[in-house]
Amino acid sequence: MNDDKRSELFSQFCKLDSEKYEKYIKLVKPEVDRILEEIIPKGCWTLGVKMKNKNVVAKIVLDSNETKYICKNIEIDNEYVWSYIINVKYYNNQKIISLFESKESFDPITLGQSIYSELDELYNDEEYLKLIEELRIINKICESHETKHI
């Protein structure tokens with residue numbers, strides 16, 4: 001019973017999450033791509049991307065064929081925008097993610113408040129959050145049931 005319920009909830013979640021991802025990409029991609037095109041200098045070797053107020057910095061190799069080393073460092077104030085840059089925009093690029101405070105300076109990048117509001121609305125709607133909570137509960141029940149049988 002629990003496995004069937006878990007599968008059904010997971011299927012619903014995957015479908016909803018996929019729909020949300022498509023909306024997320026349509027919302028974030030054009031604006032972030034435009035900003036990055038404007039601020040990254042031609043021939044830039046690496047892009048440093050820091051998440052504001054966190055000790056996470058990603059160094060992304062953009063072009064290692066240049067003879068002069070140029071690096072651009074930016075600080076992002078939204079986890080969804082940071083994720084787009086790291087996990088979508090430069091997915092195939094070599095990258096190093098550091099989990100420590102960087103002494104380098106980072107230029108803050110901020111998108112319009114309306115985009116942030118739409119992202120919050122997209123990922124904080126009641127149906128989505130309820131489904132996530134139901135999955136957590138059913139997973140805990142299934143896990144505790146499995147450990148009792150070991």
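Every residue in the stretch 86-111 that is in a helix (DSSP H, G or I), free of Cβ contacts under 8 Å to residues at least 40 places away in the same chain and aliphatic (A, V, I, L, M), please. Once the filter is applied, which keeps residues that are in a helix (DSSP H, G or I), free of Cβ contacts under 8 Å to residues at least 40 places away in the same chain and aliphatic (A, V, I, L, M), the stretch 86-111 yields only ILE86. Taking (1) free of Cβ contacts under 8 Å to residues at least 40 places away in the same chain; (2) in contact with an Asp or Glu (Cβ under 9 Å, 6 or more places away or on another chain); (3) of a type outside the set (A, V, I, L, M) in turn, SER7 satisfies each apart from (2). Looking across ASP77, ASP107, one residue alone is more than 14 Å from the chain's Cα centre (by Cα) and farther than 22 Å from GLU22 by Cβ. It is ASP107. A count restricted to the stretch 94-108 and to residues that are modelled with pLDDT under 90 and surrounded by 13 or more Cβ atoms within 10 Å (Cβ to Cβ) stands at 3.
Looking at the structure I just gave you, is GLU121 part of a helix (DSSP H, G or I), of a type in the set (Asp, Glu) and either buried (at least 16 other Cβ atoms within 10 Å of the Cβ) or in contact with a helix residue (DSSP H, G or I) (Cβ under 6 Å, 6 or more places away or on another chain) (or both)? It is false that GLU121 is part of a helix (DSSP H, G or I), of a type in the set (Asp, Glu) and either buried (at least 16 other Cβ atoms within 10 Å of the Cβ) or in contact with a helix residue (DSSP H, G or I) (Cβ under 6 Å, 6 or more places away or on another chain) (or both). Would it be correct to say that ASN78 is within 13 Å of LYS52 (Cβ to Cβ) and either among the polar types (S, T, N, Q) or touching a Gly at 6+ places or on another chain (Cβ under 7 Å) (or both)? In short, yes. Taking the criterion of being under 15 Å from ASN93 (Cβ atoms) and out of contact with any Gly (no Cβ under 9 Å at 6 or more places or on another chain), the residues of the stretch 44-61 that qualify are CYS44, TRP45, THR46, LEU47, GLY48, VAL49, VAL61. Enumerate the pairs (first residue in the stretch 112-135 and more than 13 Å from PHE13 (Cβ to Cβ); second residue anywhere and aromatic (Phe, Trp, Tyr) and at pLDDT below 90) with beta-carbon separation below 9 Å, excluding pairs fewer than 6 apart on the same chain, so at least 6 apart or on different chains. Pairs found: LEU122/TYR128.
The values are calculated or read from the model by the stated rules, or taken from the named source; none is laboratory data. Just so you know, these numbers come straight off a predicted model, no measurement behind them. Here Cβ is always computed from backbone atoms with ideal geometry, including for glycine, and neighbour counts include all displayed protein chains.
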